[in-house]
Amino acid sequence: MCCFALAPATLALAQAPNAPDPREPLTHLQLDVWQVPEGLPQNTVTALTRTRDGYLWFGSEEGLTRFNGVEFRIFDQDNTTAFVPSETVRDLLEGRDPGTRTGSASILWVATRQGVVRVRGGRPEPFPLGVYPRADAHALAQTIDGALWVGTADVGLVRCDTAGCSRVVSRGGALDARIQVLLATPDGALWVGTE
């Protein structure tokens, strides 16, 4: 994997405020295992995020699952047209509509093998990427200007804002490769990891 930076950035890692003290033994913590018997559609989780409203969201090869702490709700081809033709989830990102600034309504973005799905108000809907509606989406990021970035395996890097979505062309074709991971930093930079 190779990395390509669109702008310089400084990365800082911080311990989560509710994380256990790393010097303490973990024997006092409870371990729960969630698999198919507990409500997941399959045991291979490909993406995981927690949204501001408290839900845990799991992506897998058999759809998207929302967990409220008690029960699982599965969104897949059987009950959600947004996941037709592909319910394989590759990445999840809580963000906002392209071009909007912070403070806007929260949206869950879902990268799938056949495009991007937007979840607003608990309802998944297809999000067309301009002329690439069924791009093989692998990675998602949103920069401070509100732009939604989609890394794909087949069309490279796609940028979406209020004007729509367009493919990003780079000098030397570095962004034409399969994009595996994206990272937006607080200073506005976007880091792109390619194959």
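The table below gives the values:
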item: Count of residues meeting criterion [open to solvent by less than 40 Å² (accessible area, probe 1.4 Å) and touching a strand residue (DSSP E or B) at 6+ places or on another chain (Cβ under 7 Å)] in the range 46-71; result: 11
item: Qualifying residue in the range 175-186 (condition: at pLDDT 95 or above and in a loop (DSSP other than H, G, I, E, B)); result: yes
item: Candidate set from the range 153-180 (those that are under 15 Å from the mean Cα position of the chain (by Cα) and touching a residue at least 60 places away in the same chain (Cβ under 8 Å)); member that is nearest to V116 (Cα to Cα); result: C160
item: Residues that are within 18 Å of P98 (Cβ to Cβ), open to solvent by less than 70 Å² (accessible area, probe 1.4 Å) and not hydrophobic (A, V, I, L, M, F, W, C), drawn from the range 157-195; result: R159, D161, G164, S166, G188
item: Wholly within the range 7-94, strands (runs of 3 or more DSSP E) carrying at least 3 residues that are at pLDDT 90 or above and within 14 Å of the chain's Cα centre (by Cα); result: 45-50, 56-60, 63-67
item: Residue count, the range 85-124 (criterion: on the phi > 0 side of the Ramachandran plot and in contact with a Ser or Thr (Cβ under 9 Å, 6 or more places away or on another chain)); result: 2
item: Close pairs from the range 125-137: first on the phi > 0 side of the Ramachandran plot and modelled with pLDDT under 90, partner hydrophobic (A, V, I, L, M, F, W, C) and assigned to a strand (DSSP E or B), Cβ under 9 Å, at least 6 apart; result: G130/V158; G130/C160; G130/C165
item: Residues of the range 111-152 satisfying the condition of being of a type outside the set (S, T, N, Q), within 12 Å of the chain's Cα centre (by Cα) and open to solvent by 20 Å² or more (accessible area, probe 1.4 Å); result: R118, H138, W149
item: Search result, residues across the range 74-103 that are of a type in the set (A, V, I, L, M) and within 14 Å of A47 (Cβ to Cβ); result: V89, L92, L93
item: Scan of the range 123-144 for residues that are assigned to a loop (DSSP other than H, G, I, E, B) and within 17 Å of T162 (Cα to Cα), ordered by number; result: P128, L129, G130, V131, Y132, P133, T143, I144
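The values are calculated or read from the model by the stated rules, or taken from the named source; none is laboratory data. None of the values given here were measured: they were computed from a predicted structure. Heads up, the Cβs are rebuilt from the backbone with ideal geometry, glycines too, and the neighbour counts pull from every protein chain shown. Areas reflect the complete protein model, heavy atoms only, side chains present, ligands, DNA and RNA absent. Shrake-Rupley method; radii C 1.70, N 1.55, O 1.52, S 1.80 Å.
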